[in-house]
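Below is one structure, written out as structure tokens; the observations come after it.
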Amino acid sequence: MAFVTCDDTVGTGVESLDREHRQLAALINAIHAGLFTDASDERLEQAFVVLADFASLHFRHEEELFRQTRYPAAADHMRHHAELKAQLSILEAALLDRKGPLIELAEKLGFLSEWLMEHVEKDDKAFGDYAKQAGIR
Ligand SMILES: [Fe+2]
Ligand SMILES: [Fe+2]
């Protein structure tokens, strides 16, 4: 069973964003699976770099849409993106150190995933509703 899912129930209604959210969930799942198999440190590191890069790309994409649509709540939303990026960096350090029991790393990953999916359900959904009115699909 997937560690984290991002299905239509948390859709924003903006197709390109929903696709990226599903991709983020898939990347998190791959890292989670890697933690519980004997994936090499190098592989885990690569997977994490892919996740961090993709998350940055995704946040930039959303923020570009904020500009295009003159989204009034952009400042708060962008602050949440910055916080999520900071959490990704903290998690990256913990993962790459592999300090502490595996279960703690998995818990940290779970915490970040929940935070990210909550952001999708609340902030991104609110933007999706606004963006659809602005003609973004
Ligand atoms: Fe998003
Ligand atoms: Fe967002």
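The values are calculated or read from the model by the stated rules, or taken from the named source; none is laboratory data. These numbers come from a predicted model, not from an experiment. Glycine also receives a Cβ, built like all others from the backbone with ideal geometry; neighbour counts cover every protein chain displayed.
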Exercise. In region 108-125, which residue that is touching a His at 6+ places or on another chain (Cβ under 8 Å) and within 11 Å of ligand 1 (Cβ to nearest atom) is nearest to Gln23 (Cα to Cα)?
Worked result: Val120
Problem set entry | Those residues of region 25-65 which are within 12 Å of ligand 1 (Cβ to nearest atom) and of a type in the set (Gly, Ala, Ser), in sequence order | Ala25, Ala55, Ser56
Exercise. Residues in region 33-53: is at least one in a helix (DSSP H, G or I) and under 16 Å from Asp124 (Cβ atoms)?
Worked result: no
For this session: Specify the residue that is nearest to ligand 2 (Cβ to nearest atom); the eligible residues are those in region 91-133 that are surrounded by fewer than 12 Cβ atoms within 10 Å (Cβ to Cβ) and of a type outside the set (D, E, K, R).
Result: Gln133
Exercise. Within region 61-76, is even one residue of a type in the set (A, V, I, L, M, F, W, C), surrounded by fewer than 16 Cβ atoms within 10 Å (Cβ to Cβ) and under 24 Å from Arg19 (Cβ atoms)?
Worked result: yes
Exercise. Which residues, counting only those in region 9-32, are modelled with pLDDT under 90, aliphatic (A, V, I, L, M) and within 15 Å of Glu121 (Cβ to Cβ)?
Worked result: Val10
For this session: Being in a helix (DSSP H, G or I) and in contact (Cβ under 8 Å) with a residue 12 or more places away in the chain is the filter; apply it to region 1-17 and report the residue that is nearest to ligand 2 (Cβ to nearest atom).
Result: Leu17
For this session: Among the numbered conditions (1) away from ligand 1 (no atom under 15 Å from the Cβ); (2) under 21 Å from Gly11 (Cα atoms), tell me where Arg22 comes up short.
Result: (1)
Exercise. Among the residues of region 88-137, which ones are over 26 Å from Val49 (Cα atoms), in a loop (DSSP other than H, G, I, E, B) and free of Cβ contacts under 8 Å to residues at least 60 places away in the same chain?
Worked result: Gly135
